[in-house]
Amino acid sequence: MDGTDSLLTTLYKYASPDALPTNTLHPFASSSETSTAELRSLLDATSILSQSLNLHLSLPYSNPKLVSTLRQHAAIQSTLHSSETGIAHTISELRKAHYKTEYIEDIPLDRALIPLYCLSRLETWGTSAGMECFREEERDGRILLVLGGKVLVVDVEVALDRNDAAGPKLTLTNVKTSYAVPSASAGASNAVGSTSLDIFLMEVIRRFLDEAQRSEETQDCAEAARLAKVVAKSLEYLMSLDSLAAKEGDSGLRWFGEVDRLASSIQGVTKSETEAISRSLSLDPTPLDIYLMRAHSLPLPYTNSPTMSFLIHISPLSYLTLLRSSPSQTRQSSSGSSIDIPVPHLRTYLNSHPKPPGVTLASLHLVQQAQSQIHMSEDSMEMPPLSTRPTFPLLSTPEETGYAFPGPQSQPQSQGEESAETLRYRWDLDFTEGGRSRGMVMAQSRMHEIEIIVNPFGGMTAGGMGGMMSFGGGSWVDLLLNPDASNLVSPERYTAVYTSPTASHPDLQLRLTAPEEPGFFLERVQVRNMKEVWGILEIVKEQAWLNQTLLGCQWLPEGLANIKDRPTGAPPEDEDADVTEEDLHAVLSGSITPRKIPVNVYIASSADPDPAHHPLFDSSLSTFSSSRPTIIMTSPEKPPISGLLEVTVRYEPEKEKGVAVNVSAVGAMESELSQDAMEEICRRGGMFGLPGRLWNGMHAGH
């Protein structure tokens, strides 16, 4: 508490319910440093309150004048605090509104001015990122724009077509990066840059130019502003690498080639897993959805930023959209095993706006922070792993996964410069797309498993993440299905109606029991090598499979489904109002077809049903045994046999389709669906329709 704060203002700061958001009180949140500082301030406030109460114990409260003076002082302080709080709240709301506002690109109405406007925007972005900009005079309809940092040099060449005087057209012809070698003599040529980086910069700049120069009928200034932000953020990130490279001299050029070296290093894992899946399925090319279910995430360098991205999971609907929009002539494999979706088409789809639903993406980038995200001891790199992650079930001899991410070289700091302890760089695995989304909804057990991977020492102590995450309330399903709910009470169940697209069975009345396990938004994780990245992506992929499976239906909290669908003031629907005598005979004969089939849905969150033996609550366990995500559905069997049907679907990367389906029935019933057919149904997003298909295809067993 500084001199401007009083005891009243210090305490009132923590009086509001949202003073400390529960979803960000964990080390894997983007605002983890801010949350840690707030918790320390809260501890300081309690200490100050205790000291104040002890000081007031010795005052003579029998003196009426003293009591009157204290009351007057408290009233004045309360008035001042109310005024300050009102002003601060107004300023805060105005800042939030300004932050959320998406300004459009101020494209000139005169089309003759648009080409020069686009060039000036490129110069503005470069200058804002800390680059020096030089624009050469137009020669034969071509203009060269040079953006230069201390090491990085970006040459942007454009062609200006003036055949239409009223609407000249600016076309991007080439983007080339190079590096100014510090030790090179005057007049020596620069080192050639990355071809992949050139293609990425050319693509993001071209998308902006195309959008800005559309006709007035099709031009979208908001989309142009979004594309402009992508270019500006990319230049800012490259300039952060430029500052590191300038400090290290000739060896600093390694920062600009790190993405290419990483892509080359992990290419062996991707190729080996693709070939293994292709052999097991006897298919070439390999389907992308099966690859993502069974193999590790697909590395995609330079996708939406000049970093390494990983495609973790894709929903059946998104995969079908990709498959139908993919050029048919490029689906065939030219040599060896490949993915059935061309990578350029996949990048275009991932960069589309709004973000495609059902896509889980992560990016690896270098960030600069005042302190590390969590305390990561170097001794944990040498100790035996407490987690079994990552696993490589498709490979008999796993490829090398110990690729360590580089760090800045320690340089002696001159007086007046910030020390190396102040400027810390770390590698983060980001799940928020640079802050554009809230992150990945994760169950508490999987968040703890991630911590075991990156910080084994923290997982063995009671004061690690397990203790911090015990403050979470509700269920992780609430964050997934009802993220904007204002009520503090977590519903016990959710309901949904599954309708067969082909009307092959009656509607299914799904009833999901929310697991009693808190959830959090996974935003970013500090990593040190590819082994940690592969392990984290395995865990996130399992959670993504669960999330996308649940999001395949429209769930409502139990008790609200009928109320929301019913018109205001209308009485409850009576399903027995139109019952006929034929229906009565059908009931008596056992041939009645129900209007809806009740299906209870459960999510097995842990292999051990007793939470007292779970590693989250028992820090004495030396290892963390992970369990595969499993969805269990129970429904009545088809009359005339009375019994209970149980369908268990478990994520299983060893299986051909990535899932294992098990059907058990209490009654003597048999199904016409084969095991392969049920797995294919789950692959295509029809998991919750399995009870209905089994009900329709059942017949009495012998």
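The values are calculated or read from the model by the stated rules, or taken from the named source; none is laboratory data. Computed from a predicted model, the values in this text were never measured in an experiment. Reconstructed Cβ throughout: ideal geometry from the backbone, glycine too, with neighbour counts over all protein chains shown.
Test residue 85 against the stated conditions and say whether it is outside the structural domain of residue 145 (by TED's automatic domain parsing), of a type in the set (Val, Ile, Thr), modelled with pLDDT under 80 and in a helix (DSSP H, G or I).
Yes, satisfied.
For the range 526-560, give me the residue count where each residue is in contact with a helix residue (DSSP H, G or I) (Cβ under 6 Å, 6 or more places away or on another chain) and closer than 15 Å to residue 439 by Cβ.
4
Name the residue that is nearest to residue 283 (Cα to Cα), counting only residues in the range 645-655 that are surrounded by 16 or more Cβ atoms within 10 Å (Cβ to Cβ) and touching a residue at least 24 places away in the same chain (Cβ under 8 Å).
The qualifying residue nearest to residue 283 (Cα to Cα) is 655.
Given the structure, is residue 244 closer than 21 Å to residue 528 by Cβ, among the hydrophobic types (A, V, I, L, M, F, W, C) and surrounded by 21 or more Cβ atoms within 10 Å (Cβ to Cβ)?
Criteria met by residue 244.
Filtering the range 164-223 down to residues that are of a type in the set (Asp, Glu) and exposed (fewer than 15 other Cβ atoms within 10 Å of the Cβ), which residue is modelled with the lowest pLDDT? So that I can check it myself, show each step before the final result.
Applying the first criterion (of a type in the set (Asp, Glu)) to the range 164-223 yields 164, 198, 203, 210-211, 216-217, 220, 223.
Narrowing further to those that are exposed (fewer than 15 other Cβ atoms within 10 Å of the Cβ): 164, 210, 216-217.
Numbers: 164: 85, 210: 93, 216: 88, 217: 90.
In this case the residue turns out to be 164.
Each row is one residue, and each column tells you yes or no for (1) at pLDDT below 85; (2) assigned to a loop (DSSP other than H, G, I, E, B); (3) touching a His at 6+ places or on another chain (Cβ under 6 Å).
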{"site": "333", "(1), (2), (3)": "yes, yes, no"}
{"site": "337", "(1), (2), (3)": "yes, yes, no"}
{"site": "345", "(1), (2), (3)": "no, no, no"}
{"site": "357", "(1), (2), (3)": "no, yes, no"}
{"site": "362", "(1), (2), (3)": "no, no, no"}
{"site": "365", "(1), (2), (3)": "no, no, no"}
{"site": "373", "(1), (2), (3)": "yes, yes, no"}
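Do you know which residues across the range 139-176 are in a loop (DSSP other than H, G, I, E, B) and in contact with a strand residue (DSSP E or B) (Cβ under 7 Å, 6 or more places away or on another chain)? Even if it seems obvious, please write down each step before you answer.
Our first condition is that a residue be in a loop (DSSP other than H, G, I, E, B); within the range 139-176, this holds for 140-141, 149-151, 162-168.
Correct list: 141, 151, 168.
So which residues in the range 496-520 are assigned to a strand (DSSP E or B) and at pLDDT below 90? It would help to see each step written out before you state the result.
Initial filter on the range 496-520 (assigned to a strand (DSSP E or B)): 496-498, 507-513, 519-520.
Across the range 496-520, the qualifying residues are 519, 520.
Got a sec? Which of 664, 626, 635 is at pLDDT below 65 and either touching a strand residue (DSSP E or B) at 6+ places or on another chain (Cβ under 8 Å) or under 28 Å from residue 316 (Cβ atoms) (or both)?
Only one candidate passes the filter, namely 626.
Please indicate, with yes or no, whether at least one residue in the range 64-78 is exposed (fewer than 10 other Cβ atoms within 10 Å of the Cβ), modelled with pLDDT under 90 and more than 35 Å from the chain's Cα centre (by Cα).
Pass one, the range 64-78, residues exposed (fewer than 10 other Cβ atoms within 10 Å of the Cβ): 64-65.
The next check asks that each one be modelled with pLDDT under 90; those that pass are 64-65.
Now drop any that are not more than 35 Å from the chain's Cα centre (by Cα), which leaves 64-65.
Within the range 64-78, one or more residues are exposed (fewer than 10 other Cβ atoms within 10 Å of the Cβ), modelled with pLDDT under 90 and more than 35 Å from the chain's Cα centre (by Cα).
Considering only residues that are more than 30 Å from residue 683 (Cβ to Cβ) and either charged (D, E, K, R) or modelled with pLDDT of 90 or more (or both), which ones fall in the range 537-591? Write out each step before concluding.
Of the residues in the range 537-591, the ones more than 30 Å from residue 683 (Cβ to Cβ) are 559-560, 562-591.
Passing the criteria: 564, 565, 566, 573, 574, 575, 576, 578, 581, 582, 583.
Please work out if residue 199 is in contact (Cβ under 8 Å) with a residue 12 or more places away in the chain, in contact with a strand residue (DSSP E or B) (Cβ under 6 Å, 6 or more places away or on another chain), of a type in the set (Val, Ile, Thr) and closer than 30 Å to residue 248 by Cα. Full working, then the answer.
Details: in contact (Cβ under 8 Å) with a residue 12 or more places away in the chain: yes; in contact with a strand residue (DSSP E or B) (Cβ under 6 Å, 6 or more places away or on another chain): no; of a type in the set (Val, Ile, Thr): yes; closer than 30 Å to residue 248 by Cα: yes.
Spelling it out, it is not the case that residue 199 is in contact (Cβ under 8 Å) with a residue 12 or more places away in the chain, in contact with a strand residue (DSSP E or B) (Cβ under 6 Å, 6 or more places away or on another chain), of a type in the set (Val, Ile, Thr) and closer than 30 Å to residue 248 by Cα.
Can you give me the number of residues within the range 110-138 that are assigned to a loop (DSSP other than H, G, I, E, B) and either touching a residue at least 40 places away in the same chain (Cβ under 8 Å) or in contact with a His (Cβ under 8 Å, 6 or more places away or on another chain) (or both)?
So in the range 110-138, the residues assigned to a loop (DSSP other than H, G, I, E, B) come out as 110, 129-131, 136-138.
Checking the rest, the ones that are also either touching a residue at least 40 places away in the same chain (Cβ under 8 Å) or in contact with a His (Cβ under 8 Å, 6 or more places away or on another chain) (or both) come to 129-131.
Within the range 110-138, residues that are assigned to a loop (DSSP other than H, G, I, E, B) and either touching a residue at least 40 places away in the same chain (Cβ under 8 Å) or in contact with a His (Cβ under 8 Å, 6 or more places away or on another chain) (or both) number 3.
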